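Below you'll find the structure, written out as structure tokens, and then a few comments.
The values are calculated or read from the model by the stated rules, or taken from the named source; none is laboratory data. Just so you know, these numbers come straight off a predicted model, no measurement behind them. Every residue, glycine among them, receives a Cβ derived from its backbone with ideal geometry; neighbour counts consider all protein chains shown.
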Amino acid sequence: LEAIAAGLPVLSTDACGYAHHIEDTNAGSVLASPFDQQHLNIELASMLTSPDQKFWSENGLRYGKNSELYQMPTDAVNAIEQHYDTKQRDHATSLPTGKGENLYLRSDLAWANFDKVMSIGKTVTPAIRDVENTQRRTVKFSHQNNDYYVKTHGGVGWKEILKNLAYFRLPVLGAEHEWRGVHHLRRQTLLRNLRLNTLEIAGYGSREHLLGGFVHDPARRQSFTVTDEIPNAKSLEDLCRDDWKWGDRRIDNIKEVRFKRWLIDQLAQTARIIHQSGANHRDFYLGHFLMQQSENSDQFEPTEARLFLIDLHRMRIHRPSIFSWLAAIVKGLSPSGRIRPPISHPRKRWHIKDVAGLYYSSMDLGLTLRDWCRFMTTYGNLNRRQALQVLQLLDNRYHFRFAKRSFWHRECRFWWRVYGRARKLYASEKRRSDTGNRLDNRPLPAAETQH
């Protein structure tokens, strides 16, 4: 897009999210994919010697004066998703198999159906995770030398639903949250150019049962997700605690220090982007991040590390309020604006829950004040001076009271509640331990599991 606006001819493929700009502007050429190298060479040589270069340049300069071009990352992602869906349509099976049943299976799982996948989830042993009160079970299985994880939801029952509602919690009724969460996270990764990966969905299905023959019964809803295995990946919590032993020693190696800084920035940026997009994870612990590293590479090399966020079955994507829609419409009707879908802004308590969970799971890893300050600057989009001032106000409650109704009060209030919630979680875990140490069977997932 910058090349078009600068008056340069552009050669692209139809898989590019901005290919339609080239065609609309007539500022270059668009190749149909797939293409061979010889075709590309001929087209490139033709463009470099074409007498139409001046014509393309004038069109691009004229098109570049449109201010709306510089606010269109969402359009690019939509175009990429549409192209990807078109290419994958012939390679996947997506069937409404009956009343109240939906099924999506990738081509490598076309041999299965809803009942077969649910049977795998119930019969394969041992289970990676088995939660009896919610009928949720995670198992690993193989097919044609490919490894998969299937998470089945067999119906939570009305007792579990009422229990969650009594504690003012939204019950997890099925695999739909994980299905939507994976797609939401991938979309945000494309929009924000975030170096974060997540699960690869190979299959999803849901089946509804009627209550009294008229309405769907949420307590008996059955569903599943099938995901590809992430090879050579390990829990970030266990890497930090057991392999790297960050909680037992001082980090002096400059490579390790830089890697730790990069990791803190990645975690903070992930939390910020998820929250700014109107979602929250609800199980945001280090144990739900997997890190994949090359076997022959340096373990403290960021370019060789891939971070995966997993366990999205509780992820909640908040809908914009009616006031957000009205504000977006009013802004779109202005002379210099256009109507855009608004982004929801969930309550701060959801952000506090996620950040506190991340802080709680890292309390035994020897975090320093500088690490805490780095996380605050990235997550809160602050500079270091502002982050240090917030930490000073948190340390001095007398000055904190006089900072009310100001930027500092809002920031201090947020981080104070994060700190307090994390300390409560940590103290609760201590009380559950017989020896004063953290339990070996704590609710965070084990290193080698993916669910």
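Any residue that is surrounded by fewer than 16 Cβ atoms within 10 Å (Cβ to Cβ) and among the acidic types (Asp, Glu) - is there at least one of those in region 277-297? Break it down into steps so the answer makes sense when it comes.
As a first pass, look at region 277-297 and keep what is surrounded by fewer than 16 Cβ atoms within 10 Å (Cβ to Cβ): 292, 294-297.
Those left that are additionally among the acidic types (Asp, Glu): 295.
Taking every residue of region 277-297 in turn, at least one turns out to be surrounded by fewer than 16 Cβ atoms within 10 Å (Cβ to Cβ) and among the acidic types (Asp, Glu).
So which of GLN71, GLN53 is modelled with pLDDT under 60, over 22 Å from ARG180 (Cβ atoms), of a type in the set (S, T, N, Q) and more than 22 Å from the chain's Cα centre (by Cα)? Even if it seems obvious, please write down each step before you answer.
On the way: GLN53 fails: modelled with pLDDT under 60.
Answer to the check: GLN71.
Residues that are under 18 Å from LYS234 (Cβ atoms), in a strand (DSSP E or B) and of a type in the set (Phe, Trp, Tyr): does region 288-303 have at least one?
Within region 288-303, one or more residues are under 18 Å from LYS234 (Cβ atoms), in a strand (DSSP E or B) and of a type in the set (Phe, Trp, Tyr).
Determine which single condition ASP217 fails, assuming it passes every other condition in (1) surrounded by fewer than 17 Cβ atoms within 10 Å (Cβ to Cβ); (2) under 18 Å from the mean Cα position of the chain (by Cα); (3) not hydroxyl-bearing (Ser, Thr, Tyr).
(2)
Could you please find all residues in region 2-27 being part of a loop (DSSP other than H, G, I, E, B), over 18 Å from LEU48 (Cβ atoms), in contact with a strand residue (DSSP E or B) (Cβ under 9 Å, 6 or more places away or on another chain) and not charged (D, E, K, R)? Full working, then the answer.
Looking only at region 2-27, we keep the residues that are part of a loop (DSSP other than H, G, I, E, B), and these are 6-9, 14-18, 26-27.
Then keep just the ones that are over 18 Å from LEU48 (Cβ atoms); that gives 14-18.
Narrowing further to those that are in contact with a strand residue (DSSP E or B) (Cβ under 9 Å, 6 or more places away or on another chain): 14, 16, 18.
CYS16, TYR18 - these are the residues of region 2-27 that are part of a loop (DSSP other than H, G, I, E, B), over 18 Å from LEU48 (Cβ atoms), in contact with a strand residue (DSSP E or B) (Cβ under 9 Å, 6 or more places away or on another chain) and not charged (D, E, K, R).
Here's the yes/no breakdown for (1) buried (at least 21 other Cβ atoms within 10 Å of the Cβ); (2) of a type outside the set (Val, Ile, Thr); (3) over 21 Å from the mean Cα position of the chain (by Cα):
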| position | (1), (2), (3) |
| --- | --- |
| LYS234 | no, yes, no |
| GLU237 | yes, yes, no |
| ASP248 | no, yes, yes |
| GLU256 | no, yes, yes |
| TRP262 | no, yes, no |
| THR270 | yes, no, no |
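When you scan region 161-188, how many residues do you find that are over 12 Å from the mean Cα position of the chain (by Cα) and among the basic types (Lys, Arg)?
Counting residues in region 161-188 that are over 12 Å from the mean Cα position of the chain (by Cα) and among the basic types (Lys, Arg) gives 2.
Quick one: would you say ARG340 is over 22 Å from ASN197 (Cα atoms), assigned by TED's automatic domain parsing to the domain that holds ARG272, more than 19 Å from the chain's Cα centre (by Cα) and modelled with pLDDT under 80? Outline the logic, then answer.
Details: over 22 Å from ASN197 (Cα atoms): yes; assigned by TED's automatic domain parsing to the domain that holds ARG272: yes; more than 19 Å from the chain's Cα centre (by Cα): yes; modelled with pLDDT under 80: yes.
Spelling it out, ARG340 is indeed over 22 Å from ASN197 (Cα atoms), assigned by TED's automatic domain parsing to the domain that holds ARG272, more than 19 Å from the chain's Cα centre (by Cα) and modelled with pLDDT under 80.
Could you give me the residue pairs with C-beta distances under 7 Å whose first residue belongs to region 31-56 and is more than 21 Å from CYS16 (Cα to Cα) and assigned by TED's automatic domain parsing to the domain that holds ALA15, whose second residue is surrounded by 10 or more Cβ atoms within 10 Å (Cβ to Cβ) and at pLDDT 85 or above wherever it lies, and which are 6+ apart or on separate chains?
Partner pairs satisfying both residue conditions: GLN53/PRO9.
Take the residues of region 309-330 that are outside any loop (DSSP other than H, G, I, E, B), in contact with a helix residue (DSSP H, G or I) (Cβ under 9 Å, 6 or more places away or on another chain) and not charged (D, E, K, R): which is surrounded by the fewest Cβ atoms within 10 Å (Cβ to Cβ)?
First, pick out the residues of region 309-330 that are outside any loop (DSSP other than H, G, I, E, B): 309, 316-317, 322-330.
Adding the requirement that they be in contact with a helix residue (DSSP H, G or I) (Cβ under 9 Å, 6 or more places away or on another chain) leaves 309, 316-317.
Filter once more, so that each one left must be not charged (D, E, K, R): 309, 317.
Details: LEU309: 23, ILE317: 17.
Filtering region 309-330 for residues that are outside any loop (DSSP other than H, G, I, E, B), in contact with a helix residue (DSSP H, G or I) (Cβ under 9 Å, 6 or more places away or on another chain) and not charged (D, E, K, R), the one surrounded by the fewest Cβ atoms within 10 Å (Cβ to Cβ) comes out as ILE317.
From the list LEU8, LEU48, which one is out of contact with any Lys or Arg (no Cβ under 8 Å at 6 or more places or on another chain) and surrounded by 13 or more Cβ atoms within 10 Å (Cβ to Cβ)?
The match here is LEU8.
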